[in-house]
1. State the extension gain, in nm to one decimal, for the chain segment bounded by residue A:63 and residue A:13, taking 0.36 nm per residue of separation less the distance between their alpha-carbons.
2. Within a Cβ distance under 15 Å of residue B:83, other residues only, what is the Lys/Arg minus Asp/Glu net charge?
3. Let's test the formula: R0 of 25 Å, r as the Cβ-Cβ distance of residue A:22 and residue A:84. What FRET efficiency results, to the nearest 0.05?
4. Mind listing the phi-derived Karplus ³J(HN,Hα) values for segment A:102-111, rounded to whole Hz, using 6.51, -1.76 and 1.60 with θ = phi - 60°, and x for any glycine or proline?
5. Between segment B:60-86 and segment A:13-78, what is the separation of their alpha carbon centroids in Å?
6. What is the fewest-to-most order of A:24, A:63 by other Cβ atoms lying within 10 Å of their Cβ?
7. Could you pull out every one of the aspartates and glutamates with an alpha carbon less than 17 Å from that of residue A:14, ignoring same-chain neighbours closer than 8 positions?
8. Once you keep just the Cα pairs under 8 angstrom separated by 6 or more residues, what percentage relative contact order results for chain A?
Amino acid sequence: DTGVSQDPRHKITKRGQNVTFRCDPISEHNRLYWYRQTLGQGPEFLTYFQNEAQLEKSRLLSDRFSAERPKGSFSTLEIQRTEQGDSAMYLCASSLAGTGNNEQFFGPGTRLTVL
Amino acid sequence: AQSVTQPDIHITVSEGASLELRCNYSYGATPYLFWYVQSPGQGLQLLLKYFSGDTLVQGIKGFEAEFKRSQSSFNLRKPSVHWSDAAEYFCAVARNTGNQFYFGTGTSLTVIP
């Protein structure tokens, strides 16, 4: 499968615990995005990387959230001291910059439930 | 700031009937516009996109959309809906740099036999 993959698909955790999600983009894509989607809403942008550089972060990305893309390939999103309000679907997308069409390809998402 | 409005939260249509999902955007320049579909347990799948040129764009699964600058709209249409089209549909707008997409709140489509 050459699409965007995310792991795990589901995560249930207790409030206050830390969680980490992984995203593997399409191999030749140099841009990687993280979005959060809550029930009944569209995805909301969190952050994006071009290669290993994190170029933009949303105000939604509080200091409990950190994202990395150390080698410009896969990315991780960590949430520290989870809160019930963090319960959402976390979506990853990738794209190839410079192609002129800016199409983003989305993964299946990681559904987080904070008890 | 960019934003997208999808006025219809939920739409129900009969199989074989035509469909139009509305999308209005707010953006100061020529936007990049997209329609995605999301089925339960699935990721977002791109249906079609508009960057420039012909304002009527064709997508996958028999969908089309028309960009109307004067109305700031990018409505999605399909002449004959199939039961498998039942899903959540999202309209999105991006700047030409494509750094991030701004999504609408989505329209849930139910198809009845």
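1. My answer for the length gained is 16.1 nm.
2. So the environment of residue B:83 carries a net charge of 0.
3. The value I calculate is 0.60.
4. 6, 6, 9, 9, 9, x, x, x, 10, 8
5. 30 Å
6. Ranked by crowding around the Cβ, least crowded first: A:63, A:24.
7. Result set, ordered by chain and number: A:78, A:83, A:86.
8. In percent, rounded to a whole number, it is 36.
Where a number appears in this text, it was derived from the coordinates with a stated rule and is not lab data. The structure displayed is predicted, hence computed values, not measured ones. As a convention, Cβ positions derive from the backbone with ideal geometry for all residues, glycine included, and neighbour counts pool all protein chains shown.
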